[in-house]
Amino acid sequence: MAEIIGVSMWTLVTLRWGDWRNFEKYYATILYFLFCDVLYYYLTYNHRLWSITPTPPLTSEFVALAGEFIVFISTILLFLGRYPSSKFFSIRWTALWVILYTVNEWVLLKTGTFVYEHGWTIVHSFIFNIFMFIFLRLHDQRPILTMILSIPIPFILIKLFSIPLR
């Protein structure tokens, strides 16, 4: 139920304040974000560090992942769509989103919708969120550079958390 409420809230907020006029501008970053998520689930299929656990009335992980995709698309339309031009405010804006995502994850942990495994903690998620939002903004500005810089991240996580490859 927590996920249904959360996804509904993200959707309503995005319908109201998301930058829908410039959807095409953010399309590549949306695909980058979704690709990274799908890659995570593929590489960690048998050794997840974090995962969504469907809670009633949801019973399918696929439905939970569809909700995750809606939240990610909403994130791009809100985060990048309202990104400030001032360096001072852009740092604050990114910090706000890191905190928002970390608190959101903490709430999902407390409701049993989100689970950590294999040594992953909320501290890891906080650090990951910092990099994630920096990379999302960087991808919006310099997509090729971002993709190049993204290549070592899965290898670092595989090494740090002893994720067995298939």
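The values are calculated or read from the model by the stated rules, or taken from the named source; none is laboratory data. Quantities reported herein were computed from a predicted structural model and do not represent experimental measurements. Please note: Cβ atoms are built from the backbone with ideal geometry, for glycine as well, and neighbour counts cover all protein chains shown.
Hey, can you tell me all the residues within the range 136-166 that are closer than 23 Å to residue 101 by Cα, of a type outside the set (A, V, I, L, M, F, W, C) and touching a helix residue (DSSP H, G or I) at 6+ places or on another chain (Cβ under 9 Å)?
Once the filter is applied, which keeps residues that are closer than 23 Å to residue 101 by Cα, of a type outside the set (A, V, I, L, M, F, W, C) and touching a helix residue (DSSP H, G or I) at 6+ places or on another chain (Cβ under 9 Å), the range 136-166 yields 137, 139, 140, 143, 146, 150, 154.
Residues of the range 81-123 being farther than 21 Å from residue 46 by Cα, polar (S, T, N, Q) and under 17 Å from the mean Cα position of the chain (by Cα), which ones?
Within the range 81-123, 94, 102, 104 qualify.
Please determine, by comparing only the residues of the range 106-121 that are surrounded by 15 or more Cβ atoms within 10 Å (Cβ to Cβ) and in contact with a Phe, Trp or Tyr (Cβ under 6 Å, 6 or more places away or on another chain), which one is modelled with the lowest pLDDT.
By that ranking, first place goes to 108.
Which members of the range 11-66 meet the condition of being of a type in the set (A, V, I, L, M), assigned to a helix (DSSP H, G or I) and under 29 Å from residue 154 (Cα atoms)? Before the answer, list the steps.
Residues of the range 11-66 that are of a type in the set (A, V, I, L, M), as a first pass: 12-13, 15, 28, 30-31, 34, 38-39, 43, 49, 52, 58, 63-66.
Add one more test, that the residue is assigned to a helix (DSSP H, G or I), and what stays is 12-13, 15, 28, 30-31, 34, 38-39, 43, 63-66.
Across the range 11-66, the qualifying residues are 28, 30, 31, 34, 38, 39, 43, 63, 64, 65, 66.
Pick out the one residue from 76, 91, 127 that is surrounded by fewer than 12 Cβ atoms within 10 Å (Cβ to Cβ) and in a helix (DSSP H, G or I).
None of the others qualify; the one that does is 91.
For the range 16-23, does any single residue satisfy the condition of being more than 25 Å from residue 144 (Cα to Cα), loosely packed, with under 15 Cβ neighbours inside 10 Å and not small (Gly, Ala, Ser)?
yes
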